[in-house]
Amino acid sequence: MELIEELSGVPGMLRPFKAYLREAGLGAGDQVAYYGCPGTCTPFIELLGFAVRELPIAQVYVPLLDEARAKAIRPVEGVGMRVSDDAVSVDPKVIVLMGGLAMPGVPVTKEAVQAVVDAHPDAKIVGICFMQMFEKGGWLDAFDFDLIVDAALRPVRVWR
């Protein structure tokens, strides 16, 4: 993979993701499945989902790698996108791996993630992470990413 551009801020994370999905040739109802850590990845998944809300796709959240617990991501008027209580089956055209899965201490291995990816051989693979988490976790060579968005949180400033 090669670096194609450097952006900043929340739009810098969302715009390339949205552009990629627009160009991916997805049809009505095609599924984008986000795999991530409950709690920490969930708000970012909902933010990504909001960015692509006008696309005619189905969006699904899979906690960690547990496809049996997959939930639909739905719009909530006046709020944004939210993970719903609606259970769904997983049949992704695009798999979005969140960087939280690669963090130390998360009960997920690269091999387990690879098994999930291998179960969907026709799906494209997108990685969304912060602070080089895929690089630090050794995932860049482990997965055939079609797109990686690696955002930074520098500096984090706290005022009182």
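Scanning the stretch 101-160 for residues that are in a strand (DSSP E or B) and either more than 14 Å from the chain's Cα centre (by Cα) or over 14 Å from CYS41 (Cβ atoms) (or both) yields LYS124, ILE125, LEU147, ILE148, ASP150. Filtered by the rule that a residue be buried (at least 19 other Cβ atoms within 10 Å of the Cβ) and either free of Cβ contacts under 8 Å to residues at least 12 places away in the same chain or among the charged types (D, E, K, R) (or both), the stretch 93-134 gives LYS93, LYS124. So, in the stretch 39-81, of the ones that are free of Cβ contacts under 8 Å to residues at least 60 places away in the same chain and hydroxyl-bearing (Ser, Thr, Tyr), which residue ends up surrounded by the fewest Cβ atoms within 10 Å (Cβ to Cβ)? This residue is THR42. Among the residues of this structure, ILE148 counts as one that is of a type outside the set (S, T, N, Q), touching a strand residue (DSSP E or B) at 6+ places or on another chain (Cβ under 7 Å), at pLDDT 95 or above and farther than 24 Å from PRO56 by Cβ.
Across the stretch 77-90, not a single residue is classified as at pLDDT 95 or above, outside any loop (DSSP other than H, G, I, E, B) and closer than 24 Å to GLN132 by Cβ. For the stretch 27-49, a residue qualifies if it is of a type in the set (D, E, K, R) and part of a helix (DSSP H, G or I), and exactly one does: GLU46.
Across the stretch 50-68, the number of residues qualifying as part of a strand (DSSP E or B), under 17 Å from PHE17 (Cβ atoms) and touching a helix residue (DSSP H, G or I) at 6+ places or on another chain (Cβ under 6 Å) comes to 2. Residues that are small (Gly, Ala, Ser) and surrounded by fewer than 17 Cβ atoms within 10 Å (Cβ to Cβ) were ranked within the stretch 17-38; the one that is nearest to the chain's Cα centre (by Cα) is ALA19. Among residues that are surrounded by fewer than 12 Cβ atoms within 10 Å (Cβ to Cβ) and closer than 21 Å to LEU140 by Cα, LEU14 is not included.
The values are calculated or read from the model by the stated rules, or taken from the named source; none is laboratory data. All of these numbers come straight from a predicted model, not from anything done at the bench. Here the Cβ is made from the backbone with ideal geometry for all residues, glycine too, and neighbour counts use every protein chain on show.
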